[in-house]
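The values are calculated or read from the model by the stated rules, or taken from the named source; none is laboratory data. Bear in mind the structure is a predicted one, so any value in this text is a computation, not a measurement. All Cβ positions, glycine included, derive from the backbone under ideal geometry; neighbour counts span all protein chains shown. These accessible areas exclude ligands, DNA and RNA; they are computed on the full protein's heavy atoms, side chains included. Shrake-Rupley method; radii C 1.70, N 1.55, O 1.52, S 1.80 Å.
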Amino acid sequence: MTTATFPATPGFGSASETPRDDRFAVAVRPLAAVTGAEIQAPLIQGGHVRYANLDYGASAPALSVVSAYLNEILPFYASVHRGAGYASQISTSVYENARNIVRNFVRGRADDSVIFTRNTTDSLNLLAGCLPVENGRHTGEVLYLDIEHHANLLPWQTVPHHSVVAAPTIAETLDALRGQLAGGGISLLAVTGASNVTGEILPVRALAALAHEYGARIVVDAAQLAPHRRIDIAADDVDYLAFSGHKLYAPFGAGVLVGRPDWLDAGTPHLAGGGAVSDARLDTVSWTTGPARHEGGSPNVLGAATLARATQVITALDQTQWHAHENAIRAFLVEGLRRIDGVSVHQIFADSGAVAGREDTGPGTIGVVNFSVEGYDAGLVAAYLSAEHGIGLRDGRFCAHPLLKRLGLPSGSLRASFGLGSRLEDAQRLLAGIQELRQTGLGWDYVVDAGRWVPSNDHRIYPHWAPNTPGTAGAAPCAVVE
């Protein structure tokens, strides 16, 4: 694991100053309109400022065209599959067509199942219940890395499994995986497409080839990858892929699992209930096959529909412009952080290109930057940036506890993440806030309440329809347990 700490670089000027570099011009404006882009955040010291959303990696704002599409279809919302009414027929058509749209988005195979779930975590738990079993025993183990998000870590702990510690480089990590696969007994390799902590992309095609070389299948957690890169599961020979709408510019949080149908059709139904059966009796049941097998109960019709619409928007993007926009913001932010004394930028692999200004040949990065500020708890920095600068970013251990421990950050760090609706100004404001913190310190007193840092004597008010509990509403502290 690598933590890059950079001294201040003379000659650049302020960390928030835009360098005279054409690389960054493409990111001056958002690449696509998102809902809520101009909301005003109240400042603890008084006044308001445009909210700088640097927390896309948690949940991305809905694309404006997706919000418009939702308003268009909402009047026709009804129960699907078994209704003869006009609205039900329309909703059923929209819901089932969403499968084809999502399959096309990931360039899936014609026979791939597309199962709508609650989120990526739900999708991977579903797959964990479909691993091959013979004579009551699993036919192989699941192999995964220690850098995984809990969604791609915890489901496999309920079945035979084995973990591999990521090496200092991607190349060495592939060698370590090869060594485990070569020993036999692995049925599934579970990997992330891009780290939710550092944004580093893994070589999915190489990993798929490695798994298949030794008779295993591969599942890719693409929750972070799908909103930033086009995916081709047929060309990459990926067996299963999971991602979520709430990170892909769609509301309602629907998830999806796409992949080969044989395991899914034979696996334990994920939700026992209506719609998942071909016939039910008082004490026995005959389960159906196909997506319906795992979609018991009334599905999230609007979630699936808006997820599908968001994939259509992303499919239509000019990929060169898309990547240039995101890479410009990331490079500007990383280079600016490098110039602030006491700030450390974190990465997992030395050959990934996660730290700007290097000539690396790795798979690259997405719009995620992980860093820490010397002398300050990450949660305190996040509270300060929110209260005094109107900036939203993530702090903590990012549901990747083993990785944060490996990075030497057991109490957590900070993550700035961005996407289609982001602009260079967001990164500039973050850099200015961090630089001010290093130079003059906090401008307000902060206390810990319900496990979270919050401003003391906070008199800011929420909208009339929201609970007026700034800073503590829904707090879920992720405490470190030794």
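Structure notes:
- Ranked by how many other beta carbons lie within 10 Å on average, peptides 398-408, 46-56 from highest: 398-408, 46-56
- Ordering Thr289, Thr306 by accessible surface, largest first, gives Thr289, Thr306; the 1.4 Å probe counts only protein heavy atoms, with every chain in place.
- The chain - accessible surface per residue (Å², probe 1.4 Å): 42
- The accessible area of Leu174, taken with all protein chains in place and a 1.4 Å probe, comes to roughly 40 Å².
- Largest first, the residues Asp426, Asp175, Asp236 sort by 1.4 Å accessible area into Asp175, Asp236, Asp426.
- By accessible area with a 1.4 Å probe, ligands and nucleic acids excluded, highest first: order of Glu200, Glu38, Glu335: Glu38, Glu335, Glu200
- Using distinct alpha-carbon pairs, which all enter the 1/r mean, Kirkwood radius of the range 51-147 in Å: 17.4
- Dimensions (Å) - the chain, Cα atoms, principal axes, largest first: 70, 55, 45
- Accessible carbon and sulfur surface of the chain relative to its total accessible area, %, 1.4 Å: 52
- Ranking Gly375, Gly140, Ile115 by how far each Cα lies toward the positive end of the dipole of the chain (charges on Cβ) leaves Ile115 at the top.
- Rounded to the nearest 20 debye, the dipole magnitude of the range 16-69 is 80 debye, with +1 charges on Lys and Arg beta carbons, -1 on Asp and Glu beta carbons, and the Cα centre as origin.
- Projected label points at Thr169 and Asp449, each 7 Å from Cα along the beta carbon direction, are separated by 5.0 nanometres.
- The magnitude of the dipole of the chain, with charges of +1 and -1 set on the Cβ of Lys/Arg and Asp/Glu and taken from the Cα centre, is near 600 debye.
- Dipole check for the range 101-153: with +1 at the C-beta of Lys and Arg, -1 at the C-beta of Asp and Glu, and the Cα centre as origin, the magnitude is about 240 Debye.
- Surrounding net charge for Ser286, when Lys and Arg each add one and Asp and Glu each subtract one, Cβ distance under 14 Å: -1
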